[in-house]
Amino acid sequence: MGKRYDFSADWWGMGCLIFEMVEGRSPFRSRKEKVKREEVDRRVREETEEYSNKFSLECRTLCQMVSHSLTHSLTPHTLVYTHISAFLLSTLY
């Protein structure tokens with residue numbers, strides 16, 4: 001409490017949703033794996049997500065870009081918008 005909110009958590013959450021839509025599972029636990037919240041929190045902080053061959057290069061790059069926005073706060077929003085637009089256009093056509 002008392003910390004200023006920015007949109008990095010929203011970008012990170014969007015990356016998790018994209019990961020789940022492509023992979024069919026959370027980036028921080030295996031399918032049907034039962035883990036406690038503390039373990040998921042630890043994995044979020046300490047582990048790097050793994051991408052299967054279901055991910056195109058563009059999709060993987062997008063997920064990595066937004067997932068690092070929370071931990072590093074380095075991703076400019078305009079860069080993310082541009083990448084999302086390019087990704088969406090490439091998947092539609």
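Any residue at all in region 56-79 that is in a loop (DSSP other than H, G, I, E, B) and at pLDDT 65 or above?
Within region 56-79 (the criterion being in a loop (DSSP other than H, G, I, E, B) and at pLDDT 65 or above), the answer is yes, since at least one residue qualifies.
Residues being in a loop (DSSP other than H, G, I, E, B), small (Gly, Ala, Ser) and under 21 Å from Thr61 (Cα atoms): count how many of those fall in region 2-29.
Final tally of qualifying residues: 2.
Glu50 fails exactly one of the following numbered conditions: (1) surrounded by 10 or more Cβ atoms within 10 Å (Cβ to Cβ); (2) modelled with pLDDT of 85 or more. What is the number of that condition?
(1)
Could you list all residues from region 15-36 that are of a type in the set (A, V, I, L, M, F, W, C) and farther than 19 Å from Met65 by Cβ?
The answer is Val35, and nothing else.
Do any residues in region 13-31 that are loosely packed, with under 12 Cβ neighbours inside 10 Å have Cβ atoms under 6 Å from those of residues that are at pLDDT 85 or above and not hydrophobic (A, V, I, L, M, F, W, C), where the two are at least six apart or on different chains, and which pairs are they?
Arg31/Arg25
The values are calculated or read from the model by the stated rules, or taken from the named source; none is laboratory data. Bear in mind that the values here come from a model prediction, so they are computed numbers and not experimental data. Cβ sites come from the backbone with ideal geometry, for glycine too, and all protein chains shown count toward neighbours.
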